[in-house]
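To start, the structure itself, in structure tokens.
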Amino acid sequence: MCDQSSDMLHRDVSRDREQYPRIVPHRLVCDEEVMPFKEGSIDLIISSLSMHWTNDLPGVIIQARQSLRPDGIFLGAIYGERTLKELRNAFYVAEQEREGGFRPHVSPFTQVSDVGNLLMRAKFALPTVDTEDIVVNYSDAFTLMRDLKIMGESNAVIQRPLYTRRDTLAAAAAAYKSMYGLPDGSIPATFQIIYFIGWAPHASQPKPKARGSATVHFGDLDQ
């Protein structure tokens, strides 16, 4: 198990010992952008909703590929570009109206197509990418922003605003409810999760047929 935060890494040690006494994981404090693993030394890498914090996503995926043994697998989940789209749009409308400009209030997220392209660029075999939108309802925008802060998912952009005017915050909350408010008075917050799988190449894996080797036309498949 790896994490940049020692506190997070060791938070559930006691619970893990009680629930899984036969499993003793090795906990390592490290940075995903500088993986401390030897080349070809790992069978499985799992990354769960953490890679959106990396500054060098292509480098992280390449390092993961290099760390895997042949036929090793890389499983991951990362936030996609539609994450918090409502909050981003509400701040855009509010700041344009109140301040005549716009500053980033939501961290940037990757696109589905980029994840697939990066897996192929890193020479993963059999790459598979899927996506899911999870919508969570909140009573208002302030409750959502408080929840994001508790989650440790606040805006991390270097050029982010160090403060936001109260009238702009109020306008953003009003715009959020006006544009996306639900009949019960709550507001939706979208979290797009991109799931992906990539395999380190191995001779036993299925190989695509040679181009032009098909013997059946797609138009004949329904006959």
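Can you count the Lys pairs in the chain with C-alpha separation below 26 Å, eight or more apart or on different chains?
Counting lysine pairs in the chain gives 6.
Rounded to the nearest 10 degrees, the inclination of helix 112-121 to the longest alpha-carbon principal axis of the chain is 30 degrees.
For segment 85-142, averaging the sequence separation of C-alpha pairs within contact (under 8 Å, six or more residues apart) and dividing by the residue count gives a relative contact order of 25 percent. In the calculated pair-distance distribution of the chain, the portion above 28 angstrom amounts to 48 percent of the Cα-Cα pairs. Look at the alpha carbon pairs under 8 Å that are at least 6 residues apart: their mean separation over the length of the chain gives a relative contact order of 25 percent. Do me a favour and compute the ellipsoid semi-axes for segment 78-176 from its Cα gyration tensor, root of five times each eigenvalue, largest one first, whole Å. Working through the eigenvalues yields semi-axes of 31, 15, 12 Å.
In whole percents, the pair-distance distribution calculated for segment 144-223 from its alpha-carbon pairs, binned every 5 Å from zero, is 3, 8, 10, 13, 12, 8, 6, 4, 6, 9, 12, 7, 2, 0.
The figure for H10 is an accessible area of roughly 90 square angstrom, using a 1.4 Å probe on the protein chains alone. Net charge in the neighbourhood of L144 (other residues with Cβ under 15 Å of its Cβ; Lys, Arg +1, Asp, Glu -1) is +1.
Rolling a 1.4 angstrom probe over the protein heavy atoms with all chains in place gives the chain an accessible area of 65 Å² per residue. The charge dipole of segment 53-141, taken about its Cα centre with unit charges on the Cβ of Lys, Arg, Asp and Glu (plus for the first two, minus for the last two), comes to roughly 440 debye. When a 1.4 Å probe is rolled over the protein heavy atoms, the share of accessible surface on the chain that falls to carbon and sulfur comes to 54 percent.
The dipole here belongs to segment 81-194: it is taken about the Cα centre, uses +1 on the Cβ of Lys and Arg and -1 on the Cβ of Asp and Glu, and is about 400 debye. A simple charge model with +1 on the Cβ of Lys and Arg, -1 on the Cβ of Asp and Glu and nothing else charged puts the dipole of segment 1-121 at about 240 debye relative to its Cα centre. Axis of helix 85-98 versus longest Cα principal axis of the chain: the two differ by about 40°, to the nearest ten degrees. When peptides 26-35, 151-160 are sorted by average Cβ neighbour count within 10 Å, with the highest value leading, the order is 26-35, 151-160.
Could you give the length gained by full extension between V24 and T128, i.e. 0.36 nm per residue of separation minus their alpha carbon distance, to one decimal place? Working shown, then result.
Values: separation 104, 0.36 × 104 = 37.44 nm, distance 3.07 nm.
This chain segment gains 34.4 nm when fully extended.
Simple rule: put +1 on each Lys or Arg Cβ and -1 on each Asp or Glu Cβ in the chain, find the dipole, and look at A156, A214, N55; the Cα lying farthest toward the positive end is N55.
When Rg and the Kirkwood radius Rh are both evaluated on Cα atoms of segment 33-90, their ratio Rg/Rh stands at 1.11. When the residues F109, F102 are ordered by accessible surface, computed with a 1.4 Å probe over the protein chains alone, the sequence from largest down reads F102, F109. May I ask for the angle, rounded to the nearest 10°, between helix 57-67 and the longest principal axis of the chain, with both axes built from Cα atoms and the value confined to 0 to 90°? So the helix axis and the longest Cα principal axis differ by about 30 degrees.
Sequence gap at least 6, Cα distance under 8 Å: using those rules, report the relative contact order of segment 11-116 to the nearest whole percent.
Numbers: 98 pairs, mean separation 24.7, N = 106.
In percent, rounded to a whole number, it is 23.
The values are calculated or read from the model by the stated rules, or taken from the named source; none is laboratory data. Computed from a predicted structure; not experimentally measured. Heads up, the Cβs are rebuilt from the backbone with ideal geometry, glycines too, and the neighbour counts pull from every protein chain shown. For the accessible areas, the whole protein counts, side chains as well, though only heavy atoms, and no ligand, DNA or RNA atoms are used. Shrake-Rupley method; radii C 1.70, N 1.55, O 1.52, S 1.80 Å.
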